[in-house]
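The values are calculated or read from the model by the stated rules, or taken from the named source; none is laboratory data. Remember, predicted model here, so these are calculated numbers, not experimental data. Glycine gets a Cβ as well: all are built from the backbone with ideal geometry, and neighbour counts include every protein chain shown.
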Amino acid sequence: MSIIAEYGPLLLGMACLFGFFMAWGVGANDVANAMGTSVGSRALTVKQAILIAMLFEFAGAYLAGGSVTATIRKGIVDPSLPVLAEQPELLVFGMLASLLAAGCWLLVASLKGWPVSTTHSIIGAIVGFAAVGISADVVNWGKVGTIAASWVVSPLLSGTIAFGLFTSVQKLILNREKPFECAQKFVPMYMFFTGFMIAMVTLVKGLKHIGLDLSYGQSFLVALLFGLAVMALGKVILSRIKPDPKADQDFHFTSVEKLFAVLMVFTACSMAFAHGSNDVANAVGPLAAIYSVISSSGQILAKASMPWWILLLGGLGIVAGLATYGYKVMQTIGKKITELTPSRGFAAELAAATTVVLASGTGLPVSTTHTLVGAVLGVGLARGIGALNLRVIGSIIMSWVITLPAGACLAILFFFILKALFS
């Protein structure tokens, strides 16, 4: 307790620095999950993708990031055990070590262009310091098991949704006699679904921390209006695109893909929002736990508030990472798993966004990397297994396997260094 009283401001300052570093890693590495398919399908340039993502990643982190943050903050380590009540500084050291460990691993992965899971990184780090540095009893293994199950469920779910979406595109548009006319008819409906889904989950789960607490019925009505507004805007934009018979001679669906490129701008926005809402927790969850302990003079509270400035710090960190190193991993996921066109990229992005936003709304921190790779696989399988680059998929899965132990080992090392420095 005396360590908290003596070094509280210094520890909080370190927490803000490490939290920003971790958020930078989230932006630098995981932005590929939000924007890789848009760039890979040539619907957006790298610069356009970064600008869109900066806005919507930040909005998702700030507006809808609170629910998952609670899971990372207090769901993995059981704060009620006597050892933490007697030595709350152990929780502070551990969360500091976790932020630094995950941030360091993401820095290495981003420099190499590896698309690793930021969720794996931080959860592996927290479990590592808690199990080895304090006691295995401190870890809420039931919650860890639920999160681990989501790493399998989320790619299966997003892959299934992506498979269904792209199959619907094939049946409603691509396999018809007049695909361009069909696309102008059905693409606005996909736009409506995109707008409605993002608005609904955000309103139901995400805005309580900024004082907007609507009923389910009110949220449904607002989301419906938002979806219709997105659809109306989409119709106006699509009406200006004319078929190009000359280009269609080289590739039958050139004009149709132009319409899907417009749709991909909307799905890219929704995926960036979804990613920010889910993955900001990886950076600010441990920071919120540290703030809670220090602001309560060493008490580990069962319920802790989420100050607005913590989500703001996380959002700014994500944007900084995205603007500096986001392009490296973006190229890996957008161009090397399977050949993407705007229609395929749309199905992958919307499926991944739907999965991530639903998970964010229920407080389950799924891996955006797993979700998007699952969605891209689903789109690829809709065209046959020969459309997939199995070697690249194998290397991505290997990087996922390495991430958990890397985060855990670094966190254990940093935990004992911090403990020695302050004790």
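Identify, by number, the condition in (1) aliphatic (A, V, I, L, M); (2) at pLDDT 80 or above; (3) surrounded by fewer than 20 Cβ atoms within 10 Å (Cβ to Cβ) that ILE385 doesn't meet.
(2)
How many residues does the range 278-296 contain that are in contact with a Phe, Trp or Tyr (Cβ under 9 Å, 6 or more places away or on another chain) and under 19 Å from VAL116 (Cα atoms)?
2
For the range 350-370, does any single residue satisfy the condition of being among the polar types (S, T, N, Q), surrounded by 20 or more Cβ atoms within 10 Å (Cβ to Cβ), within 26 Å of CYS104 (Cα to Cα) and at pLDDT below 70? Give the steps one after another, and end with the answer.
Step one: list which residues in the range 350-370 are among the polar types (S, T, N, Q), which gives 354-355, 360, 362, 367-369.
Subsequent filtering for residues that are surrounded by 20 or more Cβ atoms within 10 Å (Cβ to Cβ) retains 354-355, 360, 367-369.
Retained after the next criterion (residues that are within 26 Å of CYS104 (Cα to Cα)): 360, 367-369.
Within this subset, residues satisfying the condition of being at pLDDT below 70 are 360.
Within the range 350-370 (the criterion being among the polar types (S, T, N, Q), surrounded by 20 or more Cβ atoms within 10 Å (Cβ to Cβ), within 26 Å of CYS104 (Cα to Cα) and at pLDDT below 70), the answer is yes, since at least one residue qualifies.
Looking only at the range 279-287, decide whether some residue is surrounded by fewer than 19 Cβ atoms within 10 Å (Cβ to Cβ), assigned to a helix (DSSP H, G or I) and modelled with pLDDT under 80. Please lay out each step first, then the result.
Narrowing the range 279-287 to residues surrounded by fewer than 19 Cβ atoms within 10 Å (Cβ to Cβ): none.
The answer is no, given that none of the residues of the range 279-287 is surrounded by fewer than 19 Cβ atoms within 10 Å (Cβ to Cβ), assigned to a helix (DSSP H, G or I) and modelled with pLDDT under 80.
Can you report the number of residues in the range 220-257 which are under 11 Å from VAL187 (Cα atoms) and basic (Lys, Arg)?
1
Within the set of pairs 6 or more residues apart or between chains, which connect a residue that is assigned to a helix (DSSP H, G or I) inside the range 179-200 to a residue that is among the aromatic types (Phe, Trp, Tyr) and modelled with pLDDT of 85 or more with Cβ atoms less than 6 Å apart?
Going by the 6 Å Cβ cut-off, the qualifying pairs are GLY195/PHE226; ALA199/PHE226.
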